[in-house]
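K.L.:
I have a structure I would like to understand better, so I am pasting it below and will then ask my questions one at a time.
The values are calculated or read from the model by the stated rules, or taken from the named source; none is laboratory data. On a predicted model such as this, the values are computed, not experimentally measured, just so you know. All Cβ positions, glycine included, derive from the backbone under ideal geometry; neighbour counts span all protein chains shown.
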Amino acid sequence: MKKTYNIVDRKIVEGEADHGQITIYVNPDEQERKYLIEELKVDEHTFSSALDPDELARLEFEPDHAAVIYKRPKNYSAAEQFLFGVSSAGVFLFKDRLRIILPDDVVLFEGPHFNRVTSLAGVILRLIARSVIHFREHLRIISRVSDDLQQEINRSMENRHLINMFSLEKSLVYFVNSLNSNAALLEKLRNTAAKIGFTTEEMEFLDDLIIENNQCSKQAEMYSNIIASLMDARASIVSNNLNVLMKTLNIITIAIMVPTLVVSIFSMNVRIPFEEHRHAFWMIVGLASASAAAFLMIWRRRRP
């Protein structure tokens with residue numbers, strides 16, 4: 001699928017097909033792939049990197065264009081079971097046009113940043129800025145979800161809540177790695193600003209973007225450490241609760257076995273005391289109850 005846009009009055013508006021400064025290719029088909037690689041001379045490996053969620057962010061320069069691979073969060077769906085994934089996107093900057101490759105269809109040009117676009121190079125910075133905002137929004141959601149899961153874990157010992165917490169922890173690891181990868185990309189963009197053609201205003205925006213990305217990365221790392229610590233604490237609490245439960249069950253078992261032993265002795269197929277006594281049954285029941293009571297008294301006195 002292909003979408004075309006133009007920069008009009010410092011805003012990005014949708015334009016006619018094949019007549020736009022900016023073209024977005026969503027999961028390109030074979031014909032679009034052939035056009036990008038053979039006609040526009042896009043490196044095949046770089047093209048594949050734009051669709052690979054495990055690819056690192058980077059900047060490469062070709063003879064007639066600059067290629068930027070950056071990381072962005074995927075839109076969350078309930079089917080993913082609390083796993084917030086990340087994906088890659090490729091931006092190819094030519095002299096008079098910009099080509100963007102995405103693995104899935106998302107809304108890119110939204111937010112206040114896209115109301116002050118002055119050049120195609122500036123669009124790249126605003127795309128990365130939008131990605132940082134998207135990461136921050138997901139971090140807020142993860143924070144709220146983790147609080148809810150902690151309350152559920154406190155009320156219930158079901159494994160599914162712990163598994164959901166593990167999924168959040170895994171998501172945050174992906175977020176930290178992606179944000180750090182974008183940070184390296186932004187530093188390289190700043191070092192090669194003259195070659196790309198950033199204006200003074202765009203350079204100021206780039207400096208602010210580097211700060212925002214680093215803050216978001218530290219926030220994701222903090223959330224990751226908090227959830228990891230909570231998971232360790234939860235594992236210790238579960239282990240301690242299990243030990244207490246096993247201790248209680250052992251006490252109950254011994255308390256039942258002591259009177260059972262008394263009754264078993266008087267149930268042997270041999271001559272036993274009180275065999276002819278008319279109150280023998282109640283005497284044995286009394287001995288069994290007394291043995292259980294004696295065990296409980298001894299246990300309570302020895303309990304710290």
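K.L.:
Test Phe47 against the criterion of being aromatic (Phe, Trp, Tyr), in contact with a strand residue (DSSP E or B) (Cβ under 8 Å, 6 or more places away or on another chain) and free of Cβ contacts under 8 Å to residues at least 60 places away in the same chain, and give yes or no.
P.N.:
In short, yes.
K.L.:
Could you check the stretch 102-139 and list, in sequence order, the residues that are part of a helix (DSSP H, G or I), polar (S, T, N, Q) and more than 20 Å from the chain's Cα centre (by Cα)?
P.N.:
Asn115
K.L.:
Tell me whether the stretch 209-219 contains one or more residues that are at pLDDT 85 or above and more than 30 Å from Arg140 (Cβ to Cβ).
P.N.:
As a first pass, look at the stretch 209-219 and keep what is at pLDDT 85 or above: 209-219.
Right, trim to more than 30 Å from Arg140 (Cβ to Cβ) and you get none.
Among the residues of the stretch 209-219, not one is at pLDDT 85 or above and more than 30 Å from Arg140 (Cβ to Cβ), which makes the answer no.
K.L.:
How about the stretch 1-35: which of its residues are outside any loop (DSSP other than H, G, I, E, B) and among the polar types (S, T, N, Q)?
P.N.:
Across the stretch 1-35, the qualifying residues are Thr4, Asn6, Thr23, Gln31.
K.L.:
Something else about it: Kindly indicate whether any position in the stretch 192-202 is among the aliphatic types (A, V, I, L, M) and closer than 23 Å to Ser131 by Cβ.
P.N.:
The initial filter retains those residues of the stretch 192-202 that are among the aliphatic types (A, V, I, L, M), namely 193-194, 196.
If we keep only those that are closer than 23 Å to Ser131 by Cβ too, we end up with 193, 196.
There is at least one residue in the stretch 192-202 that is among the aliphatic types (A, V, I, L, M) and closer than 23 Å to Ser131 by Cβ.
K.L.:
Working carefully through the options Val106, Val123, Val86, Val117, find the one that is touching a helix residue (DSSP H, G or I) at 6+ places or on another chain (Cβ under 7 Å) and more than 30 Å from Gln150 (Cβ to Cβ). Let's see the steps before the verdict.
P.N.:
Details: Val106 fails: touching a helix residue (DSSP H, G or I) at 6+ places or on another chain (Cβ under 7 Å); Val123 fails: touching a helix residue (DSSP H, G or I) at 6+ places or on another chain (Cβ under 7 Å); Val86 fails: more than 30 Å from Gln150 (Cβ to Cβ).
Residue meeting the stated conditions: Val117.
K.L.:
Test Tyr35 against the stated conditions and say whether it is among the aromatic types (Phe, Trp, Tyr) and at pLDDT 90 or above.
P.N.:
On the way: among the aromatic types (Phe, Trp, Tyr): yes; at pLDDT 90 or above: no.
Criteria not met by Tyr35.
K.L.:
Also: Take the residues in the stretch 38-79 that are of a type in the set (Lys, Arg) and modelled with pLDDT of 90 or more, then tell me which one is farthest from Asn177 (Cα to Cα).
P.N.:
Pass one, the stretch 38-79, residues of a type in the set (Lys, Arg): 41, 58, 71-72, 74.
Filter again for modelled with pLDDT of 90 or more, leaving 58, 71-72.
Values: Arg58: 13, Lys71: 9, Arg72: 11 Å.
Restricting to residues being of a type in the set (Lys, Arg) and modelled with pLDDT of 90 or more, the top hit is Arg58.
K.L.:
Continuing with the same structure: For the stretch 67-89, enumerate the residues that are aliphatic (A, V, I, L, M) and either part of a loop (DSSP other than H, G, I, E, B) or in contact with an Asp or Glu (Cβ under 7 Å, 6 or more places away or on another chain) (or both). Quick ask: steps written out before the conclusion?
P.N.:
As a first pass, look at the stretch 67-89 and keep what is aliphatic (A, V, I, L, M): 67-69, 78-79, 83, 86, 89.
Of everything in the stretch 67-89, those that are aliphatic (A, V, I, L, M) and either part of a loop (DSSP other than H, G, I, E, B) or in contact with an Asp or Glu (Cβ under 7 Å, 6 or more places away or on another chain) (or both) turn out to be Ala67, Ile69, Leu83.
K.L.:
Residues Ser178, Ser236: which one is crowded, with 18+ Cβ neighbours inside 10 Å and under 28 Å from the mean Cα position of the chain (by Cα)? Break it down stepwise before answering.
P.N.:
On the way: Ser236 fails: crowded, with 18+ Cβ neighbours inside 10 Å.
The unique qualifying residue is Ser178.
K.L.:
When you scan the stretch 90-99, do you find a residue that is free of Cβ contacts under 8 Å to residues at least 60 places away in the same chain and assigned to a loop (DSSP other than H, G, I, E, B), even just one? If you could, list the steps in order and put the result at the bottom.
P.N.:
Residues of the stretch 90-99 free of Cβ contacts under 8 Å to residues at least 60 places away in the same chain: 90-92, 94-95.
Right, trim to assigned to a loop (DSSP other than H, G, I, E, B) and you get 94-95.
So far as the stretch 90-99 goes, yes, one or more of its residues are free of Cβ contacts under 8 Å to residues at least 60 places away in the same chain and assigned to a loop (DSSP other than H, G, I, E, B).
K.L.:
Confirm whether Leu206 is at negative phi, modelled with pLDDT of 85 or more, among the aliphatic types (A, V, I, L, M) and in the same structural domain as Leu125 (by TED's automatic domain parsing).
P.N.:
Numbers: at negative phi: yes; modelled with pLDDT of 85 or more: yes; among the aliphatic types (A, V, I, L, M): yes; in the same structural domain as Leu125 (by TED's automatic domain parsing): yes.
The answer is yes for Leu206.
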